[in-house]
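The values are calculated or read from the model by the stated rules, or taken from the named source; none is laboratory data. It should be emphasised that the depicted structure is a prediction, and the values quoted were computed from it without experimental measurement. Methodologically, a virtual Cβ is constructed for each residue, glycine included, from the backbone with ideal geometry; neighbour enumeration extends over all protein chains shown. When the accessible area is computed, the model is the full protein with side chains, heavy atoms only, and any ligands, DNA or RNA have been set aside. Shrake-Rupley method; radii C 1.70, N 1.55, O 1.52, S 1.80 Å.
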Amino acid sequence: MTRRFVVVILLFAGALGSAPLVAHHSAAATYFEDKSQTVEGTLVQFIYRNPHAFVYVEAPDPATGQMARWAVEWTSGQALNGLGITRETLKAGDHVAITGSPGRNAAEHRLRMRKIVRAKDGWKWEGNFQ
């Protein structure tokens, strides 16, 4: 009986250890989910990765009018791939308008993506992500 119990515990521990862990931070801790802000400017960098892709855009700060680098958090590279969005979809130099939830610290110039539109061809993505 003891040997069987040990085997069961080891199998359970092995199965638990090999299962993917699912954890996520609260977006509401970083962003005002009930507010919306739009920035329009030049795409500087598109980082296509997990757990979240990022789009960096040079656009004016609404308070000062000075150009700022905005960090726009998107969904995962894996989720984007499932939507047909690849590493090549967005390129540095693209003129984009992005609407999203603004960051809680305005000085950080952060948004959580809700919508992106590329002016030159009308390509767009719109939605929510977890």
With all protein chains in place and a 1.4 Å probe, GLU40 shows an accessible area in Å² (nearest 10) of 110
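Which order do TRP123, TRP70 take when ranked by solvent-accessible area (1.4 Å probe, heavy atoms of all protein chains), largest first?
TRP123, TRP70
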For the stretch 27-34, what does the Karplus curve 6.51 cos²θ - 1.76 cosθ + 1.60, with θ = phi - 60°, yield as ³J(HN,Hα) per residue in whole Hz, taken in order and with x for Gly and Pro? 5, 5, 6, 10, 10, 7, 5, 9
Taking the stretch 27-127, which trypsin sites (Lys or Arg not before Pro) meet the DSSP loop condition and have no more than 14 other C-beta atoms within 10 Å? LYS35, ARG49, ARG87, LYS91, ARG104, LYS120
For LYS124, which lysines qualify as cross-link partners when the Cα separation must be under 16 Å and same-chain residues fewer than eight apart are set aside? LYS91, LYS115
Going Cα to Cα from LYS35, which aspartates and glutamates come in below 20 Å? Please leave out same-chain ones fewer than 8 positions away. ASP61, GLU73, GLU108, GLU126
With all protein chains present and a 1.4 Å probe, the order of ASP61, ASP34 from largest accessible area down is ASP34, ASP61
